[in-house]
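The values are calculated or read from the model by the stated rules, or taken from the named source; none is laboratory data. No experiment lies behind these values; they were computed from the predicted model shown. Using ideal geometry, Cβ is built from the backbone for each residue, glycine included, and neighbour counts are taken over all protein chains shown. These area figures cover heavy atoms from the full protein model, side chains too; ligands, DNA and RNA do not enter into them. Shrake-Rupley method; radii C 1.70, N 1.55, O 1.52, S 1.80 Å.
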Amino acid sequence: MSNRSRTQIAIIGAGPAGLLLGQLLHVYGIETVILERKSRDYVLGRIRAGVLEQGTVGLLDEAGVAARLHSQGIVHHGIELVFGGARHRIDMKEATGKAVTIYGQTEVTRDLMDARDKAGLTTVYEAEGVSLHDLDGDRPRVRYTEAGVTHEVACDFIAGCDGSHGISRQSVSPAAITTFARTYPFGWLGILSETPPVAPELIYANHARGFALCSMRSYTRSRYYIQCAADDRVDDWTDDRFWDELKRRIDQEAIDHLVTGPSIEKSIAPLRSFVAEPMRFGRLFLAGDAAHIVPPTGAKGLNLAASDVHYLARALREYYAEKSSAGIDDYSRRALTRVWKAERFSWWMTSILHRFPDTDAFSARIQIAELNYLVGSRAAATALSENYVGPPF
Ligand code: APR
Ligand code: PHB
């Protein structure tokens, strides 16, 4: 083996989970190496959601990467629900005392990458053929190839932060994993445009033609989604067709205020719920999308990655500083308890807002009754708000 090195934690994947874990561990004085299959530009080119829970913001503060977030992020105290052609506001701040911050995942990733560079920490981009070894011993190793040269990193632990298609979960015997999954029979077609947002807060719309969402990245950049068929292709949707369809699903005030423009990004995302249990296998921990997926309706994906990272970083700090394995032994249980809360909420938000193939007249009325209950009952609005702003870590 031509190149051998050693670190404390080998992190697989430079998405938000891997980068945030690396930065927190750096703050705690723990050494990491991050191995990422793609290039830095490729990772930064992915457009993902942009709603941060207060807990996530707190963690980014702790990691020392929240300056730009505080100057450019937009704090939202509520969301709006459109159904039956009318718009209703849910005041999350009043219900919970908490808010969310609108700041794109791409920007979070960029801030984390910049901080890592500044601290002189090692990230290997375009690491090919990453493989995990000896997860059951106390000296696990990771191998990869970079520019044709094979490297081996010995470490104390491996953090599998390599998303839903990563190698980490696949490195574990299937017999050791139990998975739970649901695929939804539709997708989300999203576009990003250099246009001002249609309203100050996010609008989630239930409509007979399907769900729609009006979101934003800044005061000049908007993100819109419409429910589409699972097998639709982006090429089927011109910008004009998208805007026309969006207008059919939102309320009149929104139609009147909507500023349309050319899309600068357009993509279709499938909707899926998925959980792999447990989240620890010997010396390997899974965090973020590597362990679970939520449909985007509750804006929980990134926030769930952050809460995993919170539990894992603290557990590892406890391991090194206090020579205690209590935190790492309890990591999977603690993380999964919160994961399932977010899974339930995301599934529920998806179920009340979308048109399913089997949504008959009865279930459409039930959806409207549920939405009416939400906007008419303080208790119901509080239940939604508590979950949207995020349960405590
Ligand atoms: N080797 C190295 N890196 C890999 C490998 C591999 N075999 N497989 C995947 N990766 C990298 C991917 O290229 C990606 O950059 O792991 C990273 C995983 O990042 P994400 O998919 O962003 O997952 P995560 O960091 O858990 O972030 C969760 O992302 O998908 C959203 O909704 C999700 O917002 C949530 C957030
Ligand atoms: C987004 O802005 O991309 C977004 C916002 C809220 C969601 C999902 C996506 O629930």
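Things worth noting here:
- Restricting the first member to region 322-349 and to residues that are touching a residue at least 40 places away in the same chain (Cβ under 8 Å) and among the charged types (D, E, K, R), and the second to residues that are open to solvent by less than 50 Å² (accessible area, probe 1.4 Å) and within 16 Å of ligand 2 (Cβ to nearest atom), the beta-carbon pairs closer than 7 Å and six or more apart or on different chains are 343/273; 343/294.
- Filtered by the rule that a residue be in contact (Cβ under 8 Å) with a residue 60 or more places away in the chain and either over 27 Å from the mean Cα position of the chain (by Cα) or surrounded by 15 or more Cβ atoms within 10 Å (Cβ to Cβ) (or both), region 124-134 gives 124, 125, 126, 127, 130, 132, 134.
- Residues of region 13-28 classified as assigned to a helix (DSSP H, G or I) and surrounded by 24 or more Cβ atoms within 10 Å (Cβ to Cβ), total: 10
- Options 351, 324: the member that is within 16 Å of ligand 2 (Cβ to nearest atom) and of a type in the set (Gly, Ala, Ser): 351
- For residue 382, the test of being touching a helix residue (DSSP H, G or I) at 6+ places or on another chain (Cβ under 8 Å), open to solvent by 10 Å² or more (accessible area, probe 1.4 Å) and among the hydroxyl-bearing types (Ser, Thr, Tyr) is passed.
- Residues of region 178-199 satisfying the condition of being touching a His at 6+ places or on another chain (Cβ under 8 Å) and part of a loop (DSSP other than H, G, I, E, B): 198, 199
- Checked against the criteria, residue 45 counts as within 14 Å of ligand 1 (Cβ to nearest atom) and surrounded by fewer than 21 Cβ atoms within 10 Å (Cβ to Cβ).
- Considering only residues in region 48-67 that are surrounded by 15 or more Cβ atoms within 10 Å (Cβ to Cβ) and of a type in the set (D, E, K, R), the one that is farthest from ligand 2 (Cβ to nearest atom) turns out to be 62.
- Remark: pairs (first residue in region 293-321, more than 10 Å from ligand 2 (Cβ to nearest atom); second residue modelled with pLDDT under 95; Cβ separation under 8 Å; 6+ apart in sequence or on different chains) = 307/393; 310/393; 311/393.
- Within region 59-77, residues that are assigned to a helix (DSSP H, G or I) have Cβ atoms under 7 Å from residues that are among the hydrophobic types (A, V, I, L, M, F, W, C) and open to solvent by 60 Å² or more (accessible area, probe 1.4 Å) in these pairs: 62/27, counting only partners at least 6 apart in sequence or on another chain.
- Any chance residue 308 is open to solvent by less than 10 Å² (accessible area, probe 1.4 Å), out of contact with any Asp or Glu (no Cβ under 8 Å at 6 or more places or on another chain) and modelled with pLDDT of 95 or more: yes
- Checklist (1) part of a loop (DSSP other than H, G, I, E, B); (2) open to solvent by 10 Å² or more (accessible area, probe 1.4 Å); (3) away from ligand 1 (no atom under 16 Å from the Cβ); (4) of a type outside the set (Val, Ile, Thr) applied to residue 175, failing item: (1)
- Just one of the listed residues (166, 137) is open to solvent by less than 20 Å² (accessible area, probe 1.4 Å) and in a loop (DSSP other than H, G, I, E, B), namely 166.
- Within region 259-283, if we keep just the residues that are closer than 27 Å to residue 346 by Cα and among the hydrophobic types (A, V, I, L, M, F, W, C), the residue that is farthest from the chain's Cα centre (by Cα) turns out to be 281.
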